[in-house]
Amino acid sequence: MSGADAIAGKRIVLGVSGSIASYKAADIASKLMQAGALVDVVLTRSAQEFITSLTFRSLTHRLVITDLFDANSEDPLEHVEIARQADAIVIAPATANVMAKLTHGLADDALSTIVLASEAPVLIAPAMEHHMWANTATQVNVATLKERGFNFAGPNEGRLASGAVGSGRLVETAEILEALGEILAANQDLAGRHIVVSAGGTQEPIDPVRVVTNRSSGKQGYAFAEAARDRGARVTLVTAASLANPAGIKVVKVESARQMLAAVSDALNDAADALVMAAAVADWEPISAAGQKMKKVEGQDRLTIEMQKTPDILAQVSGLPGIKVGFAAETEDLLNNARAKLEGKKLDMIVANDVSATDAGFAVDTNRVVILDKSGGQEDLPLMSKREVADTVLDRVCGLFSG
Ligand code: C5P
């Protein structure tokens, strides 16, 4: 995939800080739009002295973020959502002040907060007076940021706004797009693959208003779907969770285990390369759901609902296309139980986690897992974000594709 192709369909946060070069960010926003990106512009307070939010709103057709506490914003946690959804953050122009804030992890305005809250790659295009660029404080900050994986474009040598000639000029828009395209294309090892992911806890109906369900949040499954998408895969997410639909992913909403079996089977038959079965599928379903809401009956203190086993989705789809990755959420004897499931359900790999730990498993954003594979391999991973777990497991899936 070329760099330019990699920008199409991506969510890019464009952070603009206050420099005489701020006006050039309008061209960057426009070119990103032309390349097919969805652009969220974030202006620092000083950027707004040089250029208005109206310019960017007109170019991107989207609200522009100018304040961490925007009274007009519908969602008070908007910046967290934007940080989570971003495929990349571009800061152009980046002042010495913004880079100093990022180096120290400050989060005192919308832009610095979004960068701190995001796991997306960051591209910084500095622009400033050449003494500020050459200053040891700035150079030490740049070195620290580079060490932490921040990417830089420029600055270039040339005539600066002060009239002096030196290093500090914002690079041309084309160079920023090229650098961004390379960053986005760097990890496209799932390009051309169809990855099916299931997520959330299924709901088995008791009557039209009541269900049997579990505490799964769906977060780990969504992290898998987003990670696979960002690595270039076509993704079908079969979900019983009620989280927001991620961009660029085909979402199939289901409720029960039976509906999930049908949707997963359909998706696998659509030339799937892998299934990551992160859903917490109910093991039992009421034998027959009541047609009407069940009423309380005077004098009745107990209710017995007869349940039967749900279909085991993984076991049933073992003959369909794709590498199969299952999950084992256990509260005891983790490894033995997980290995038994790996073999019983004929999986290629199983991701085992102890859901009794408070920092792993349901609802939280972190997970500590062990990956077991069918050739007897075992890999104990440290505490990670759910996104990191997803990327590590997808690395192993890629290993199976090439092996
Ligand atoms: O047997 P257990 O429910 O512990 O197995 C967990 C794994 O099996 C998970 O990957 C889950 O999504 C999957 N599963 C399934 N169908 C079921 C129950 C669980 O595919 N009915």
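For the stretch 193-319, which whole-number percentage of the solvent-accessible area (1.4 Å probe, protein heavy atoms only) is attributable to carbon and sulfur atoms? Numbers along the way, then the final one.
Details: 3010 of 6370 Å².
For the stretch 193-319, the apolar C and S fraction of the accessible surface comes to 47 percent.
Going highest first, how would you order 190-200, 240-250 by mean Cβ packing within 10 Å?
On the way: 190-200: 24.5, 240-250: 15.9.
Highest-to-lowest ranking by the protection proxy: 190-200, 240-250.
For the chain, give the magnitude of the charge dipole about the Cα centre (Cβ charges: +1 Lys/Arg, -1 Asp/Glu; no others), in debye to the nearest 20.
Working: 38 positive and 50 negative charges, 110 e Å.
It comes to approximately 520 debye.
What ³J(HN,Hα) values, in whole Hz, does the Karplus curve 6.51 cos²θ - 1.76 cosθ + 1.60 give for the stretch 283-290 when θ = phi - 60°, with x put for Gly and Pro?
7, 10, 10, x, 4, 9, 6, 5
If you count, for each residue, the other Cβ atoms within 10 Å and average over each peptide, how do 323-336, 272-285, 135-148 line up from highest to lowest? Each step should come with its number before you reach the end.
Values: 323-336: 18.1, 272-285: 23.6, 135-148: 13.5.
Peptide ranking by packing, descending: 272-285, 323-336, 135-148.
Please compute the length gained on full extension between residue 100 and residue 162, using 0.36 nm multiplied by the number of residues separating them and subtracting their Cα-Cα distance.
Values: separation 62, 0.36 × 62 = 22.32 nm, distance 2.20 nm.
That works out to 20.1 nm of additional length.
Let me check something: with ligands and nucleic acids excluded, how do 68, 170, 63, 38 order by accessible area (1.4 Å probe), largest to smallest? List each step's numbers first, then the result.
Details: 68 30, 170 5, 63 120, 38 70 Å².
Correct descending sequence by accessible area is 63, 38, 68, 170.
If you add up the charges near residue 373, with Lys and Arg at +1 and Asp and Glu at -1, over every other residue whose beta carbon is less than 15 angstrom from its beta carbon, what do you get? Spell out each step's value before the answer.
Details: positive: 324, 339, 341, 345, 346, 374, 396; negative: 343, 348, 379, 380, 395.
Within the 15 Å Cβ shell, the charges total +2.
Let's see if you can work this out: charge +1 on each Lys and Arg Cβ, -1 on each Asp and Glu Cβ, no other charges. What is the dipole magnitude of the stretch 78-220 about its Cα centre, in debye to the nearest 20?
Values: 10 positive and 16 negative charges, 55 e Å.
Dipole about the Cα centre, nearest 20: 260 debye.
Using θ = phi - 60° and the Karplus relation 6.51 cos²θ - 1.76 cosθ + 1.60, list the HN-Hα couplings for the stretch 249-265 in order, rounded to whole Hz, with x at every Gly or Pro.
Values per residue, Gly and Pro as x: 10, 7, 9, 10, 7, 9, 10, 8, 4, 5, 5, 5, 4, 5, 5, 5, 4 Hz.
Alpha carbons only, please: Rg and Dmax for the chain, in angstrom.
24.8, 91
Pull up all non-local amide H partners of residue 187: gap of 5 or more, or a different chain, and H-to-H distance under 5 Å with H placed in the peptide plane.
So residue 187 has HN proximity to no qualifying residue.
Ignoring ligands, DNA and RNA, what percent of the accessible area of the stretch 1-135 is carbon or sulfur (1.4 Å)?
On the way: 3360 of 6070 Å².
For the stretch 1-135, the apolar C and S fraction of the accessible surface comes to 55 percent.
Of the beta bridges DSSP finds with both residues in the chain, what % are antiparallel, to the nearest 5?
On the way: 19 of 60 bridges.
Of the beta bridges lying entirely in the chain, close to 30 percent run antiparallel.
When the dipole is taken about the Cα centre of the stretch 37-160, and only Lys, Arg (+1) and Asp, Glu (-1) are charged at their Cβ, what size is it in debye, to the nearest 20?
Once rounded to the nearest 20, the dipole reads 400 debye.
Points 7 angstrom from Cα along the Cβ direction at residue 385 and residue 81: gap in nanometres?
It is 1.9 nm.
Can you list residues from other chains, or at least 5 along the same chain, whose modelled amide H is less than 5 Å from the amide H of residue 122?
89, 151
State in Å² the accessible area per residue of the chain; use a 1.4 Å probe, count heavy atoms of protein chains only, and round to the nearest integer.
Working: 19390 Å² over 403 residues.
Computed with neighbouring chains in place, this is 48 Å² per residue.
Can you tell me the orientation of helix 24-34 relative to the chain, as the angle in degrees between its alpha-carbon axis and the longest Cα principal axis, to the nearest 10?
The answer is roughly 40 degrees.
Does the stretch 280-403 come out rounded, prolate or oblate by the C-alpha gyration tensor, with a ≥ b ≥ c the root eigenvalues, rounded set by a/c under 1.5 and, if not, prolate when a/b is larger than b/c and oblate if not? Please report the intermediate quantities before stating the final value.
On the way: a/c = 2.69, a/b = 1.82, b/c = 1.47.
Prolate shape, in that a/c is at least 1.5 and a/b is the bigger ratio.
What is the set of long-range amide H partners of residue 40 at a cut-off below 5 Å, with H atoms built 1.01 Å from backbone N?
12, 13, 14
Leaving out ligands, DNA and RNA, what percent of the accessible area of the stretch 335-403 is carbon and sulfur, probe 1.4 Å? List each step's numbers first, then the result.
On the way: 1660 of 3350 Å².
Its accessible area is 50 percent carbon and sulfur atoms.
Given axes a ≥ b ≥ c from the Cα gyration tensor, I'd like to know whether the stretch 146-272 is rounded (a/c under 1.5), prolate (a/b larger than b/c) or oblate. Walk me through the numbers before you get to the answer.
Values: a/c = 4.50, a/b = 2.81, b/c = 1.61.
Prolate, because a/c is 1.5 or more and a/b exceeds b/c.
The values are calculated or read from the model by the stated rules, or taken from the named source; none is laboratory data. Please read all numbers here as calculations on a predicted model, not as lab measurements. Using ideal geometry, Cβ is built from the backbone for each residue, glycine included, and neighbour counts are taken over all protein chains shown. Areas reflect the complete protein model, heavy atoms only, side chains present, ligands, DNA and RNA absent. Shrake-Rupley method; radii C 1.70, N 1.55, O 1.52, S 1.80 Å.
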